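Following: one structure in structure tokens, then a few remarks.
Each value in this text was obtained by applying a stated rule to the coordinates, not by laboratory testing. In this text the structure is predicted, and so the values were computed from the model without any measurement. Quick reminder, even Gly has a Cβ in these numbers, built from the backbone with ideal geometry, and neighbours come from all protein chains shown.
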């Protein structure tokens, strides 16, 4: 097997990433969601009633950006905002029945996407890919611990 340069490897990895993003967009189109909304639905499935501030932190986005996404999701009937009974200054986010339905559609569509995408690999190849990707994640996390200004932050 011919040697591949790190530059060629990066190009191939980036191309695969771009194809995955396009494919993921087809999932959003199929379900009727927009970028970012799937992750919110996923978190709410696990932590229904989470505070809006806590949700923004989990997503690593500004509260103002989250507010825009939540406004659209509320207009679609997927979520409702409720004043926190213990602290009336806080807002909790809950899934509606329609939101739960859309969330389940997203889970199904993502599972189908993953099965199709990784179905071209054997179980052994999937295990090896997971090992390699975890190694890359660990390396990238250590590179991303500090930004150029010297402030520590978590990678996205």
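Of 66, 59, the sequence from fewest to most neighbouring Cβ atoms within 10 angstrom is 59, 66. For the range 35-79, the average shadow cast by the Cα convex hull is 2.8 nm², which is a quarter of the hull's surface. For a test of the definition: using alpha carbon positions, the gyration tensor, and the 1.5 limit on a/c, classify the range 3-156 as rounded, prolate or oblate. Oblate, since a/c reaches 1.5 and b/c is not below a/b. Of all the options 125, 98, 112, the one that moves most in a Gaussian network model of the chain with Cα springs shorter than 10 angstrom is 125. Shown is the FRET efficiency for residue 18 and residue 130, computed with R0 = 30 Å from the Cβ-Cβ distance and rounded to the nearest 0.05: 0.90.
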